[in-house]
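Structure record follows, encoded as structure tokens.
The values are calculated or read from the model by the stated rules, or taken from the named source; none is laboratory data. Note that the coordinates shown come from a computational prediction; the quantities given were computed from them, not determined experimentally. Cβ atoms come from the backbone with ideal geometry, glycine included; neighbour counts cover every protein chain shown.
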Amino acid sequence: MTKFGAYPIVVNYNLHTRLRYQHDEDDLHRAGRYEDEKQLDIKVNTSSDSTRENGLFGQEIKEYEQTVSNCLRKIEGNAVGRMVMGLINKDTTVWIVPKSDEELKVKDQYNAMTWPLNYDIQKDGSIGRGAGAGDTVILFNPKLGDDTLLHELVHAYRYSYNKFRPVNVYYNTDVGAFTITSEEVLAHQIENIYMSQAKRPLTLDYMTQAPTEKKGIYDFLSNNYFLLQALKYFLRHEYLAMLAAHTFMSTEYNPFRDYEAIETEYVKGAFSSDLPELSVPLGR
Ligand SMILES: [Zn+2]
């Protein structure tokens with residue numbers, strides 16, 4: 001495993017360990033032994049393949065950990081990325097573990113994922129692992145790119161301070177209506193600011209990922225009441241959003257900095273100028 005600089009981030013190649021214990025985890029889950037299942041999962045995500053099969057996987061390990069470290073270096077080289085990485089709670093650890101090329105090919109699985117290492121066990125026995133706080137696991141394939149990893153690091157940051165509180169947010173685009181969580185709203189916006197900082201192409205929204213320029217995205221935001229509510233909530237309660245608003249002054253795209261102007265556009269076309277912040281429960 002490779003620790004990345006002074007950040008609380010560890011890149012850990014454990015693919016063979018994970019595949020080896022997948023059955024055991026499934027068996028424990030079916031048997032209702034959820035605590036044992038979780039303890040095994042924690043062990044799997046924090047163990048390296050380097051101890052397996054007499055070092056057979058040395059080359060794979062080196063390749064993955066170097067590639068992901070390069071990806072992290074690219075993120076660190078971007079002021080927005082550096083801010084996100086620097087804000088992650090240093091009393092926690094982010095474990096970046098591999099998603100294989102084969103797993104990436106599975107239908108609807110072309111994505112990365114972040115969840116708490118010591119996740120909250122669901123009382124209904126479901127498999128959901130998204131609730132909890134502290135250390136995190138990011139399942140990541142370098143083919144997904146540094147922009148995706150940055151996005152996942154925003155989730156990891158929120159978990160690291162026990163602030164991950166997904167609330168459903170509804171919005172419309174030209175191609176349809178979607179519901180995502182407030183956490184995806186935040187991660188997608190930070191990702192877009194990161195891309196803008198690097199003068200790379202922006203995307204309209206989390207679901208369609210339609211390439212769109214700043215003005216098109218601001219127009220879209222000013223037409224979506226609940227997205228504005230979410231932005232307003234983060235501006236008032238999320239340090240990362242406040243800091244982004246006051247730090248990246250020369251970055252072209254920055255809806256936190258430009259929030260007032262976007263809300264003013266919304267109010268022009270609205271029946272009421274009342275725009276409350278998103279209501280988010282306090283949590284645990
Ligand atoms: Zn996400």
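Data for the structure
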read-out: Condition check for Asn78: closer than 15 Å to Val97 by Cβ, buried (at least 19 other Cβ atoms within 10 Å of the Cβ) and touching a residue at least 12 places away in the same chain (Cβ under 8 Å); value: no
read-out: Where a residue in segment 11-27 is assigned to a helix (DSSP H, G or I) and its partner, wherever it lies, is β-branched (Val, Ile, Thr), with Cβ under 8 Å and at least six apart; value: Leu15/Val97; Thr17/Val44; Arg18/Val44; Arg18/Val97; Tyr21/Val44; Glu25/Val44
read-out: Within segment 149-237, helices (runs of 4 or more DSSP H) holding 1 or more residues that are in contact with a Lys or Arg (Cβ under 8 Å, 6 or more places away or on another chain) and under 18 Å from Pro255 (Cα atoms); value: 182-197
read-out: Near pairs, Cβ below 7 angstrom, 6+ apart or cross-chain, from segment 264-282 (more than 18 Å from Tyr170 (Cβ to Cβ)) to any residue that is among the hydrophobic types (A, V, I, L, M, F, W, C); value: Ser273/Val267
read-out: Residue list for segment 103-131, filter: surrounded by fewer than 20 Cβ atoms within 10 Å (Cβ to Cβ), away from the ligand (no atom under 16 Å from the Cβ) and over 22 Å from Glu60 (Cα atoms); value: Lys107, Asn118, Asp120, Ile121, Gln122, Lys123, Asp124, Gly125, Ser126, Ile127
read-out: Top-ranked residue of segment 28-42 - restricted to ones that are surrounded by fewer than 13 Cβ atoms within 10 Å (Cβ to Cβ) and without any contact (Cβ under 8 Å) to a residue 40 or more places away in the chain, ranked as farthest from the chain's Cα centre (by Cα); value: Ala31
read-out: Of all residues in segment 92-133 being part of a loop (DSSP other than H, G, I, E, B) and under 14 Å from the mean Cα position of the chain (by Cα), the one that is farthest from Arg158 (Cα to Cα); value: Asn111
read-out: Residues within segment 141-169 that are under 22 Å from Ile61 (Cα atoms) and either within 12 Å of the ligand (Cβ to nearest atom) or within 8 Å of the chain's Cα centre (by Cα) (or both), tallied; value: 6
read-out: Any hit, segment 216-223, residues being within 21 Å of Leu87 (Cα to Cα), polar (S, T, N, Q) and away from the ligand (no atom under 16 Å from the Cβ); value: no
read-out: Unique match (being modelled with pLDDT of 95 or more and under 21 Å from Leu240 (Cβ atoms)) among Asn45, Asn78; value: Asn78
read-out: Subset tally (residues that are over 17 Å from Met242 (Cβ atoms), within 11 Å of the ligand (Cβ to nearest atom) and in contact with a Leu (Cβ under 8 Å, 6 or more places away or on another chain)) for segment 178-214; value: 1
